[in-house]
Amino acid sequence: MPIMKGFQLSLNHQFVRQLIYWADYHYPYVGFFDNKNIEYPNGGFQRLFLAAHQAFELETANQWFGKKEMAAMLSYDYKNKIEKLQSINPSLLNCPESVFFIPEIKIEILDDQVKIHHTDPQRIFEEICDFNPNPDKNPSFEITALTTRNSYFENVKAIQNNIVEGDMYELNYCMGFKFGGKAWNPIEGFFDLMEKSPMPFSAFFKSESKYLLCASPERFLKKSGDKLIAQPIKGTIKRGKNELEDALLKEKLWNSEKERAENLMIVDLMRNDMSKISFTGSVKVEELFGVYPFSRVHQMISTVSSTISENKSLLEIIHATFPMGSMTGAPKIKCMELIDQYEDFKRGWFSGTLGYIDAAGDFDLCVIIRSIIFDKESKKGYFAVGSAITYDADAAYEYEECLLKASAIVEVLQGN
């Protein structure tokens, strides 16, 4: 394994660009993960590249858990295999329910060196450096919202009626957007999204003709040895135009009783989920209501940890905790039933999870939000955004929050 030293950040960026183009040409399954140097409690993704010619589903991945390194992707609709649920809404893209692969090549990309894990690393390094992509400029798309503003307001009112009737306390309600009809280069789209919205859980994922461009601020689960960490996000506010305004907005979010209530409900849900697979008494809240800045928003993040019980399989961990509570609401099963009632699209990869698993069984998985999903074959794509609806949620505020979350993606697709 050669270690290519002396990389500068600018050369590092060019290498990553050529690497992804090279991999897209050679491999049907690709995963690139990056933290974009964003500070985050317990760190973000490692800067890691994995690729392979074959993939398999979660049930097969479970057999390799703790034995082989893997890239991991799980659709939100895998919920139907965990609970007695269904996904009745129309699918915007026919995304596979789970995609896992054991890498044939692995590359670790550090600030000043590249580590290539392959039988012929020197040849691979030279191939990547010599690869010369010459992409066309991406077209601008007309984006179609699947939910009108009026429908959104009506649904929020109906969800709040469900809360009054005691069906649930909080529901994560999402709107879908579609685009397509033209050839589009998802690699260029990825680098454009990374420039506009760098995130600690940035990722490029390819499964045959389907691509996920992920700019997520949220961790689902991280396992390090016997320690399990969940970091649900609930609470969002825009960034200020200057330092003073930014500080005031951050303080406003931190002091918001509504946002704290939303966050606390999901923290309690995650504590309950994690307790199913953890030693009794080991589940604890390490940080409650932490407010962290990102390029366009401040987010309220809490950190829950536990000591995982011995010999838990990947399947047991997923079945206890998935989907993540921040993307369902509480209680989880009733919320997932109502999500299908109020939303008008099948979520697919959106609000699923993506990440990597090492050979020892440690892993880092993010929540798939602030992300673009595109199929090169059909030339169709979609994205979605959502927020937590509680009894005292203001529909107009929630709607504007959703548009704020979508803003970087809209700019990418419209070529702004």
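Odds and ends about this structure:
- Chain lengthening between Thr60 and Leu403 when straightened (0.36 nm per residue, less Cα-Cα): 119.6 nm
- Residues of type aspartates and glutamates that Lys334 reaches as a straight line, Cα spacing below 12 Å, ignoring anything fewer than 8 places off in the same chain: Glu83, Asp167, Glu170
- Dipole of the stretch 3-413 computed with +1 at Lys/Arg Cβ and -1 at Asp/Glu Cβ about the Cα centre; of Phe179, Met274, Ala158, farthest Cα towards the positive end is Phe179.
- When only alpha carbons are used to place a centre, the stretch 26-60 and the stretch 134-170 end up 29 Å from one another.
- Most to least packed among 105-112, 157-164 [average Cβ atoms within 10 Å]: 105-112, 157-164
- Once the chain from Val410 to Lys252 is taken as fully extended at 0.36 nm per residue, the excess over their C-alpha distance is 54.2 nm.
- Lys/Arg +1, Asp/Glu -1 at C-beta; the chain dipole; positive extreme among Ser387, Thr147, Ile102: Ile102
- 3J(HN,Hα) along the stretch 74-89, derived from phi through the Karplus expression 6.51 cos²θ - 1.76 cosθ + 1.60 where θ = phi - 60°, amounts to 9, 6, 3, 6, 5, 3, 5, 8, 9, 10, 7, 10, 9, 10, 9, 7 Hz, with x in place of Gly and Pro.
- Where a label projected 7 Å from the Cα of Asn161 along Cα→Cβ would reach, residues of the stretch 330-358 with amide N under 17 Å: 338-343
- Computed on the Cα atoms alone, the convex hull of the chain gives a volume of 138 cubic angstrom per residue.
- The packing ranking, built from the mean of other Cβ atoms within 10 Å per residue, places the peptides 373-382, 254-263 in the order 373-382, 254-263, highest first.
- Packing-based order for 56-65, 25-34, using average beta carbon neighbours within 10 Å, highest first: 25-34, 56-65
- Under the criterion of Cα pairs below 8 Å and six or more residues apart, the relative contact order for the stretch 3-413 equals 25 percent.
- For the stretch 309-416, relative contact order (Cα pairs under 8 Å, six or more residues apart, normalised by length) works out to 15 percent.
- Note on Glu195 and Glu377: their simple-model spin labels are 3.1 nm apart, each label 7 Å out from Cα toward Cβ.
- A full extension of the chain between Lys284 and Lys137 corresponds to an added length of 48.0 nm, given 0.36 nm per residue minus the alpha carbon distance.
- For the set Lys106/Lys222; Lys68/Lys115; Lys157/Lys332; Lys106/Lys332, the pairs lying more than 25 angstrom apart at their alpha carbons are Lys106/Lys332.
- Converting phi to 3J(HN,Hα) with the Karplus coefficients 6.51, -1.76 and 1.60 and the offset θ = phi - 60°, the stretch 356-365 yields 9, 10, 8, 5, 8, x, 7, 8, 9, 10 Hz in sequence order, with x at every glycine or proline.
- Inter-probe distance in nm under a simple model that places probes 7 Å from Cα toward Cβ, at Asn37 and Ser151: 4.3 nm
- Considering helices alone, the calculated mean residue ellipticity of the chain at 222 nm is -10000 deg cm²/dmol, with DSSP H runs of length four and up weighted by -39500 (n - 2.57) and normalised per residue.
Rule-based calculations on the coordinates, nothing more; no lab input. Given the structure is predicted, the values throughout are model-derived calculations rather than measurements. Glycine gets a Cβ as well: all are built from the backbone with ideal geometry, and neighbour counts include every protein chain shown.
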